[in-house]
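Working notes, structure below.
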Amino acid sequence: MDKKRSKKVTWKDYILSSIYTVLIIFQLILFFFFYYNHLGLDLLVYIGWFIWILTIIFGFLPMYTFRKKGGVEKGKTYIHTTKLVDTGIYSIVRHPQYLAGILLNIALILLTQHWLSLIAGVIAVIIMYYDTLKADSGLIWKFGEDYKKYMELVPGLNFVLGIIKRIRRQYENK
């Protein structure tokens, strides 16, 4: 895919990410300084750490994948892709870094087990989900019909469904 049109980014495009960033920082402060395992429910802590590991995977793989397959110009950051990437982690979910953010919120809720973390986490997850819808809209604008076809094949955030769909596509292509 050739380099497509780009959209001018303004300060308004950063409002949602600023809000959920503050909420995540708040949760991290609760986690590191005040309320680790507040209710003493160890099973939730183990699940929370497992989800945190998933956060790391979904958070960092896109950087590698975009650099390798996204047509990023030398000297630019990985987010400056010029090609639609639909392989690797992007064959499972369209928005792995948003998914990482959502999973981080869930992990922090489980690790702190505190109502303040729950409220901040739920609000952050809702805002992140809404931001993925905005991202899809912008990517349709940037990549057109190719992105719409990609949306039909790969779920936005549901990695379990994404794995199932990827396995099905592999069997269909044999």
Residue set 132, 82; condition in contact with a Lys or Arg (Cβ under 6 Å, 6 or more places away or on another chain) and under 20 Å from residue 147 (Cα atoms); output residue 82
Name the pairs whose Cβ atoms lie under 7 Å apart, with the first residue in the range 146-163 and basic (Lys, Arg), the second part of a helix (DSSP H, G or I), and 6 or more positions between them or separate chains? 148/140
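Output the number of residues of the range 150-174 satisfying the condition of being within 20 Å of the chain's Cα centre (by Cα) and assigned to a helix (DSSP H, G or I). Please lay out each step first, then the result.
Taking the range 150-174 first, the residues within 20 Å of the chain's Cα centre (by Cα) are 150-166.
If we keep only those that are assigned to a helix (DSSP H, G or I) as well, we get 150-153, 159-166.
Counting residues in the range 150-174 that are within 20 Å of the chain's Cα centre (by Cα) and assigned to a helix (DSSP H, G or I) gives 12.
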Taking the conditions exactly as written (more than 13 Å from the chain's Cα centre (by Cα), modelled with pLDDT under 95, among the hydrophobic types (A, V, I, L, M, F, W, C) and closer than 23 Å to residue 160 by Cβ), does residue 85 satisfy them or not? yes
Unique match (being surrounded by fewer than 16 Cβ atoms within 10 Å (Cβ to Cβ), assigned to a loop (DSSP other than H, G, I, E, B), out of contact with any Pro (no Cβ under 9 Å at 6 or more places or on another chain) and at negative phi) among 68, 76, 83: 76
Criterion (surrounded by fewer than 20 Cβ atoms within 10 Å (Cβ to Cβ) and within 20 Å of residue 50 (Cα to Cα)) met by exactly one of 103, 161, 108: 161
Would you call residue 45 surrounded by 15 or more Cβ atoms within 10 Å (Cβ to Cβ) and either in contact with an Asp or Glu (Cβ under 8 Å, 6 or more places away or on another chain) or not in a helix (DSSP H, G or I) (or both)? no
Which condition number in (1) surrounded by fewer than 16 Cβ atoms within 10 Å (Cβ to Cβ); (2) at pLDDT 85 or above; (3) of a type outside the set (D, E, K, R) is the one that residue 20 fails? (1)
Over the range 69-79, the set of residues out of contact with any Gly (no Cβ under 8 Å at 6 or more places or on another chain) and either of a type in the set (Asp, Glu) or free of Cβ contacts under 8 Å to residues at least 24 places away in the same chain (or both) is 70, 72, 73, 74, 75, 76, 77, 79
Would you confirm, using the coordinates I've provided, whether residue 100 is touching a Gly at 6+ places or on another chain (Cβ under 8 Å), of a type in the set (A, V, I, L, M) and either within 30 Å of residue 170 (Cα to Cα) or not in a helix (DSSP H, G or I) (or both)? yes
Does residue 56 meet the test of being assigned to a helix (DSSP H, G or I) and of a type in the set (A, V, I, L, M)? yes
Only one residue in 120, 135 is aliphatic (A, V, I, L, M), touching a helix residue (DSSP H, G or I) at 6+ places or on another chain (Cβ under 8 Å) and surrounded by fewer than 19 Cβ atoms within 10 Å (Cβ to Cβ), so which one is that? 135
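The values are calculated or read from the model by the stated rules, or taken from the named source; none is laboratory data. The shown structure was predicted, so the numbers you read here are calculated from the model rather than taken from an experiment. FYI the Cβ positions are ideal-geometry reconstructions off the backbone, even for glycines, and counts take in every protein chain you see.
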